[in-house]
Amino acid sequence: MAKLLILAGSILGIALLVVMAKYLWPSRSALSKEHALRRYTHENPDDKISQTIVSNDAGACLFLLEDSHYLGLVYLMGDRLTVRRIPRSDVSGALVNDNNIALTLNDFTMPQITFTLDSLSDRQVIAGLASDAILHAQNKEVQNA
Amino acid sequence: MPDLPQNILDFAAPFFIALIILEMFLGRRNGSVVYDAKDTATSLIMGLGSTIFPALFGVIVVGSSLYLYENFRLFDLGSGWLTLIVAFIMTDFFYYWIHRFGHRIRWFWASHVIHHSSQHYNLSTALRQTWTGPISMGFVVYMPLYLLGFHPFIVFFMHALNLIYQFWFHTEAIDKCPNWFEAIMNTPSHHRVHHSTNPEYLDANYAGVFIVWDKLFGTFVPEDKSNPCRYGLVSNLGTFNPIRVALHEWVAIFKDWRHAKNLKEVMLYALAPPGWTPDGSRMTSDMIKAEWREKQLAIANEKKEEA
Ligand SMILES: [Zn+2]
Ligand SMILES: [Zn+2]
């Protein structure tokens, strides 16, 4: 019984603190292209960037690199940024819903990144990454057969 | 059996909550503290889970410790005041080593990484604790204490006290403590360095209560205000999902094992420092530090040539 009370109290305490954090630090974070670029090149100074795509909701930024085996990603995590350089083969698919494209990754710590994009060409680029992944998977199956 | 409460962490919870509220109000006023709702939720859920899941392994931890103590202890040190004081210091000494192994051996890191997975450094980060500690088996490091004759319940109690002490210094609201205190004790300043990913700060300040262990064993690095701490992991997480946070390094170990070519690689994927790969394609903290030192040297040489 005492354990249950402690558990209930802890859950209430967590709820209270999360509400306070939200109220005292209302999230106004947004990712600008310049900021994403600065952070990415700081961590990967040798990469040459060929194209930059920023999500409309300013939550994610994707860099196509001259080394086409890799992709650069800067992703808004609450009020902080997560910067990744991932092998292109880690893209496992995409879920498209109007202007939203959710890129799914073979990465347990970053399973999905959602982009909201007005530009058709940007959407095509992102969808292209996913179709590359599908082709890649099919090739593997062919090789295994 | 020593008459010491074994559930003091349960009773500490209301004080933790009260201190977080205090830190929020004081820190927000002078801008020294930042919380993010999602990050806070994950940290606190990790904290709650850490009181539930490891308890499932309690029988193994308690049973093996008592077995050693009952059958193989060299002395019976009892539970007098002197024993309790020495036990507190010795537990902190062994905690230093558990923590150091937690950063230098990937099998231990798979559990400890959770504590470092927030990009924030505030009192909620203190509660971001592992769910899988008993799987890493860091508790075996305390076993020499049972063989010496310290009752396991004394050690468990001192370990809990140690963790309670560690709560308060996870904050940016306190800059520096008095010099004498900074010299002996672990403080917010020392532990900020420990949570930082700046190359100069990696693998430093493993202490629980007494910072003297780091000074003795060569792992002490003071905070340098001209080099502000960047908190988190070398490769930060892209998820707040507590289950992914809890298990991500274990999943990574299993993924690596699938590609291991021989038993040596299987062993090294688990026991070498985090980031180790057979071909050096990922970076260990030693490699990051070496690269950083090389860069500094090149910059210094350039400046010399210009002069
Ligand atoms: Zn640590
Ligand atoms: Zn800590």
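The values are calculated or read from the model by the stated rules, or taken from the named source; none is laboratory data. Owing to the predicted nature of the structure, the values given are computational and were not obtained by experimental measurement. FYI the Cβ positions are ideal-geometry reconstructions off the backbone, even for glycines, and counts take in every protein chain you see. Side chains included, ligands, DNA and RNA excluded: accessible areas come from the protein's heavy atoms. Shrake-Rupley method; radii C 1.70, N 1.55, O 1.52, S 1.80 Å.
Things worth noting here:
- Residue under evaluation A:PHE63, criteria (1) free of Cβ contacts under 8 Å to residues at least 12 places away in the same chain; (2) open to solvent by less than 80 Å² (accessible area, probe 1.4 Å); (3) among the aromatic types (Phe, Trp, Tyr), criterion not met: (1)
- B:VAL34, sole failed condition from (1) in a loop (DSSP other than H, G, I, E, B); (2) open to solvent by less than 10 Å² (accessible area, probe 1.4 Å): (2)
- Tabulated pairs, region A:13-37, first within 8 Å of chain B (Cβ to nearest Cβ), second among the polar types (S, T, N, Q), C-beta under 9 angstrom, 6+ apart or interchain: A:ILE14/B:THR40; A:LEU17/B:THR40; A:LEU17/B:SER124; A:VAL18/B:THR40; A:MET20/B:THR40; A:ALA21/B:THR40; A:ALA21/B:SER124; A:LYS22/B:THR40
- Top-ranked residue in region B:98-135 [being within 16 Å of ligand 2 (Cβ to nearest atom) and aromatic (Phe, Trp, Tyr); ranked as farthest from the other protein chains (Cβ to nearest Cβ)]: B:PHE101
- The listed residues are B:HIS170, B:HIS194, and the only one of them that is free of Cβ contacts under 8 Å to residues at least 24 places away in the same chain, closer than 19 Å to B:HIS99 by Cα, within 13 Å of the chain's Cα centre (by Cα) and within 11 Å of ligand 2 (Cβ to nearest atom) turns out to be B:HIS194.
- Test result for B:THR83, touching a residue at least 60 places away in the same chain (Cβ under 8 Å), away from ligand 1 (no atom under 16 Å from the Cβ) and either of a type outside the set (A, V, I, L, M, F, W, C) or over 25 Å from B:LEU4 (Cα atoms) (or both): yes
- Tally of residues being over 22 Å from the mean Cα position of the chain (by Cα) and part of a loop (DSSP other than H, G, I, E, B) across region B:242-301: 9
- Leading residue by the ranking (farthest from the chain's Cα centre (by Cα)) among those in region B:29-47 that are under 9 Å from B:PRO242 (Cβ atoms) and either of a type in the set (Ser, Thr, Tyr) or at the interface with another protein chain (Cβ under 7 Å from one of its Cβ atoms) (or both): B:ALA41
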